[in-house]
1. Would you call K644 surrounded by 24 or more Cβ atoms within 10 Å (Cβ to Cβ) and in a loop (DSSP other than H, G, I, E, B)?
2. In the range 505-526, which residue that is touching a Leu at 6+ places or on another chain (Cβ under 8 Å) and either more than 16 Å from S432 (Cβ to Cβ) or of a type in the set (S, T, Y) (or both) is surrounded by the most Cβ atoms within 10 Å (Cβ to Cβ)?
3. Which ones in the range 451-501 are touching a His at 6+ places or on another chain (Cβ under 7 Å) and of a type in the set (V, I, T)?
4. Any idea how many residues of the range 457-474 are of a type outside the set (A, V, I, L, M, F, W, C) and under 12 Å from S556 (Cα atoms)?
5. Quick check on my filter: what residues within the range 569-581 are in contact with a helix residue (DSSP H, G or I) (Cβ under 9 Å, 6 or more places away or on another chain) and either over 23 Å from W638 (Cα atoms) or surrounded by fewer than 18 Cβ atoms within 10 Å (Cβ to Cβ) (or both)?
6. Identify the single condition in (1) surrounded by fewer than 19 Cβ atoms within 10 Å (Cβ to Cβ); (2) under 18 Å from S30 (Cα atoms) that N135 does not satisfy, given that it satisfies every other one.
7. Please verify whether G541 is at pLDDT 95 or above and within 27 Å of the chain's Cα centre (by Cα), treating the condition exactly as stated.
8. Output the qualifying pairs, or none if there are none: Cβ atoms under 6 angstrom, residues six or more apart or on different chains, first residue in the range 433-446 and of a type in the set (A, V, I, L, M), second residue in a loop (DSSP other than H, G, I, E, B) and at pLDDT 90 or above.
Amino acid sequence: MKSRELFKIKLENYRPLLWYGDTVFGRYASIKNLLGSQFGREFANVLAEPSVMDGENGVRYGVWYADNVEEYRSFDKLGPEEQEQAANQLSGMLEKVTAFADQLLQSGETSHKQMGEILHLAFRVPGYESIYWGNGQVILVLWGFVSDELSKKSFSLRDALSRFRPQVTPPEPPTKVTPPPVPDTGTTGITGDVKEPVVTPPPIPEKNKEINKNVEEHEKDVKITDETTTITKDVKVKKASRWRLWWGKWWKRLLWILLALLLLLLLFFLLNNSRCGGSTGRDETTHISTNPVPGRDQDRSGDRDRQNPVPPVRREQIPETPLPINRDDVRPMPGDTLQRPIVGNRLNVIINRDNTIEEFLEDFNARYADQAQVVYCDTLANLLQVQFATDDIVVWKERLQKLTGVRMVFTEGVFGAEVIPDEPGFKDADESYYFKLIRAFQGWDVTMGREDVVVAVIDNAFDLEHEELKGQCVNPWNIMTNSPDVNTYGGTQRHGTHVASLVVGAINGMGVSGIAPGCKVMPIQVGVEDGSMPTSAIIKGFLYALKQGVQVISISIGSNPREGTDQLPWDVQEQIGQTTFVEEGMFWNELYVYAEECGVLVVECAGNENILTVVDPMKRSDKVLYVGAVGVNAEPAWFSNFGKYVSICAPGMSIYNAIPDNKYDFLQGTSMSTPIVAGAAALLFSLGDDVKFTDVKEALVKTAIPLPGNGVRKQIGNLLQVDKAMAYLQKNNPLLADPCTRKIDSLEREIERLKKQLNQH
């Protein structure tokens with residue numbers, strides 16, 4: 001039952017954290033019950049109850065509810081003493097929850113590991129605005145969300161609280177300590193050679209044993225300062241015997257002795273598995289702390305016998321441009337029966353949202369700085385790419401999975417354009433038959449598109465000087481060169497030019513136009529000279545499109561399983577989709593969910609191998625509009641992939657349109673049917689400003705017509721009908737159905753266009 005409203009905010013500048021495609025805040029009930037049963041009511045109430053709703057004009061709001069709302073005040077409205085109290089309470093709770101989550105992650109049960117991941121994400125907040133305090137209780141709002149503001153992307157709740165903790169100066173040791181007599185209970189205070197009797201504690205209720213064990217620990221801040229940086233280390237100190245208390249009081253005098261001993265051990269025994277040396281023995285310019293990670297595998301076999309240590313890499317040294325593919329490094333994944341090509345000496349690493357890249361780099365440098373290197377970083381996706389010298393990719397995957405903050409590790413796949421070579425009789429079809437088959441001309445009677453509707457095309461390369469694309473493109477970008485030049489290979493690649501022209505090719509009396517000639521296209525090059533496209537580049541191109549605010553993303557890319565995969569039984573193919581490249585598939589789904597949250601429709605080719613789409617890790621999501629292909633007579637194309645996720649099809653055989661150097665040619669494949677659907681989606685977005693991607697997706701799928709025999713041999717979706725989709729959308733949206741409203745909108749757009757022309761001249 002919801003209580004009173006505590007906090008409400010527009011979510012346009014905030015993004016929810018996701019866990020395998022689901023929002024973390026959506027697991028509120030499970031998190032609350034777990035915290036309550038493990039730690040008690042105080043912990044159960046630390047997270048306010050969330051609710052996300054749609055407001056006017058499609059703006060989403062987040063509301064958080066709590067009891068006794070009138071008693072709570074935001075952190076910035078508290079006095080210094082109250083801020084300190086709130087920080088201390090929340091810090092203590094955070095430590096206990098984090099320790100408990102780490103224990104769950106080390107469990108052998110999958111459900112426990114999953115809850116451990118969720119707990120870590122739940123206590124991620126965008127800033128101080130998330131902290132409320134009242135009546136001795138701290139409560140969090142906006143939990144499970146992060147800010148899209150660059151200044152707040154790295155906000156850490158743990159670091160934010162540390163500045164409010166009181167700094168305790170250790171007292172000077174007395175000249176002589178005489179411990180009081182303690183009755184002998186027959187128990188030992190600490191392990192080792194020191195045997196000292198301790199007082200037997202009162203019996204602990206069975207229910208609270210685990211809680212009390214964690215309560216016995218407290219934090220002590222130790223600050224280490226040098227010329228370049230100040231690092232705060234959290235050191236856990238247990239309440240134990242009087243020997244440990246004596247040690248704590250004399251730590252200042254013994255610090256230099258301890259450091260000297262550690263240096264001697266490092267020099268003579270090369271004990272690299274111990275990282276207690278603080279800032280000694282490390283590059284003084286590094287800004288990465290050296291805290292060991294509790295509960296992690298402490299294997300340092302990769303660092304032994306190191307004669308010439310490699311200086312640790314820092315975050316600012318990591319390139320932000322994906323590496324091109326070296327064909328000599330391309331090989332199948334060991335044990336992969338489909339022999340999908342991958343880069344054999346690289347792996348992509350995804351870092352947990354509640355961890356920092358610096359934490360990963362610290363652990364990576366300590367273990368493998370002389371055997372591997374981080375060659376690429378994408379802070380938006382929290383992705384790092386590691387390249388290693390050896391070919392044992394399986395071993396390296398296991399090593400990287402054990403490093404600090406790692407959520408998943410997957411391969412650098414080698415993707416290619418989904419196009420089929422020419423066949424005899426291939427060019428005999430009518431050049432514009434596909435317009436007639438999808439009823440595009442009837443749709444043009446309503447609209448030919450608006451220039452403010454943009455379709456991003458992620459592909460190998462584009463000839464923007466082609467007569468069909470001149471003036472039709474906005475914000476082109478080459479991911480591989482980090483520049484706007486998307487035709488770096490001099491027109492040797494036809495695929496990207498052909499696909500882009502199918503979307504927005506101009507009406508100029510030459511060749512064939514695109515499906516939405518009044519809209520714009522955003523060409524994003526992710527390919528190298530031979531046409532291959534690495535996974536990391538496609539991911540970055542996808543995120544670039546979302547940041548630019550496009551309405552549609554068109555992807556005519558697929559993996560390349562070995563020949564003969566189509567001969568495998570369908571149940572075997574389904575099993576392959578469930579057991580191979582699992583992490584990569586989950587990450588793609590998370591990207592697609594993120595696109596939905598941005599209001600973007602993703603249109604992607606089904607593929608051309610005549611197999612189930614789930615074999616490809618990019619094609620396992622219900623968030624994407626996967627497109628199959630048909631021929632000139634609306635018959636299912638023999639090459640088209642199929643399956644439960646393929647919801648629509650379009651012509652993909654004998655498709656005539658632009659290729660580089662102002663030429664035209666026929667191409668075929670689901671690569672061609674995909675931009676046709678993307679262009680149709682752009683036309684639907686052009687009907688009005690209030691059209692949502694969910695409306696467009698529904699209209700396209702529900703108005704597509706069944707094909708003869710479709711679903712008997714294979715499921716490739718129903719055939720796209722542009723005019724029917726427009727009519728469906730207009731019928732279900734009163735504003736769009738009113739012709740007067742459409743005319744006014746059209747006149748307003750024309751006025752704005754004329755204003756721009758006047759300003760230019």
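1. The answer is no for K644.
2. Result: V521.
3. T497
4. Total satisfying the criteria: 2.
5. Passing the criteria: E574, Q578, T580.
6. (2)
7. When the stated conditions are applied, G541 passes them.
8. I438/L720; A440/I515
The values are calculated or read from the model by the stated rules, or taken from the named source; none is laboratory data. Source: prediction; values computed, not measured. When we count neighbours, we look across all protein chains shown, and the Cβ atoms used for this are built from the backbone with ideal geometry, even at glycine.
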